[in-house]
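Here's the structure we're looking at; comments come further down.
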Amino acid sequence: MSIYVEILIRSGMDDLWEKTQDPKLHQRWDLRFSEIDYLPRKPGEAQKFLYKTRIGGGLRIEGAGESMGERDDATGQRTSALKFWADDPKSLIRIGSGYWKYIPRNDGVRFITWYDYRTRFGLIGQIVDRVFFRPLLGWATAWSFDRLRLWIEKGVLPEVSRDRTLLYALSRLTVAFVWLYHGLIPKLLYPNSDELSMLRDAGIPNVHLPAVLSSLGIIEVCVALALVFFWKSRWPLWFTSLAMVSAVLTVGITSPSFLSAAFNPVTLNLSVATLALIGLLTGTDLPAASNCRRKSPEG
């Protein structure tokens, strides 16, 4: 149940070392920490540090750590080991240890972390950790490693990665919600008279109206699910933009009276199309935990 994350970063050792060992740079890309501060030390003493993690609602977790040494070998490989702990009673983590490893290759550096920890709160803490917290922490570590890779390889600042990710998620999830709602409520669960009227104006015979309306509802639900489960695919967003614009044009031709209604296709469809375009514009060079190896190749 220890956490292992590995990624190949196409960079020199010095740049990667600086962005991971300098606390002010480290806290910019690592989702697990909001603040990292090195404490003053005397010659020969281990480097100690304090960290803080904001968890929302004005609350934060505070902890501390200590470097247990750095090691270089003849191949150029570097290892940085540390231990960490939290006396904060809000922290699930009580004490732990781990390392960062930097393995040079011809095409970059294999950047690896491994760490493990013990929890507080007894059996309840162990269950929460195994079911929820540890998987989330592993994902956050991997997502942060890919965020670092984008910073080094493509110059995408960590703050830009964060903002793009939030905009992408908000726009995509909102579009998915609109598709789901309009597929389920006015088409499948509570067939709406306005929906039926627009289909009738479009030339659909009365006998076929219920079946066509249900079919459209199923298609809309499927698009909503595609937006969520095929998170990186761009086609649902392109489909949404084209479908929304086409729907407005169709309604304008076949049922123009609906364009002046209080809640009308112009404002709804064009807003959804714009959200889909925002998703398309922000959905490039986003960090992804899936770009990291999550199990050690050595087993």
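Assorted remarks:
- From A247, A243, A224, residue being surrounded by 15 or more Cβ atoms within 10 Å (Cβ to Cβ), part of a helix (DSSP H, G or I) and at pLDDT below 95: A247
- Flag for S193 being polar (S, T, N, Q) and under 34 Å from the mean Cα position of the chain (by Cα): no
- D37 being in a helix (DSSP H, G or I) and open to solvent by less than 90 Å² (accessible area, probe 1.4 Å): no
- Looking only at the range 259-299, and only at residues there that are touching a strand residue (DSSP E or B) at 6+ places or on another chain (Cβ under 7 Å) and either closer than 20 Å to L167 by Cβ or of a type outside the set (K, R) (or both), the one that is least open to solvent (accessible area, probe 1.4 Å): C292
- Count - residues of the range 144-186 that are touching a helix residue (DSSP H, G or I) at 6+ places or on another chain (Cβ under 7 Å) and outside any helix (DSSP H, G or I): 2
- Selection from the range 144-158 of residues that are touching an Asp or Glu at 6+ places or on another chain (Cβ under 9 Å) and either more than 22 Å from Y4 (Cβ to Cβ) or loosely packed, with under 14 Cβ neighbours inside 10 Å (or both): K154, V156, P158
- Residue check for R32: in contact (Cβ under 8 Å) with a residue 12 or more places away in the chain and either farther than 27 Å from D163 by Cβ or not in a strand (DSSP E or B) (or both): yes
- Candidates in the range 119-139 are the residues that are surrounded by 13 or more Cβ atoms within 10 Å (Cβ to Cβ) and charged (D, E, K, R); of these, the one that is farthest from S67 (Cα to Cα) is D129.
The values are calculated or read from the model by the stated rules, or taken from the named source; none is laboratory data. Note that this is a predicted model, so its numbers are computed, not measured. Don't worry about glycine lacking a Cβ; one is built from the backbone with ideal geometry, like all the others, and counts go over all protein chains shown. Protein only, heavy atoms only, side chains kept; ligands, DNA and RNA dropped before computing areas. Shrake-Rupley method; radii C 1.70, N 1.55, O 1.52, S 1.80 Å.
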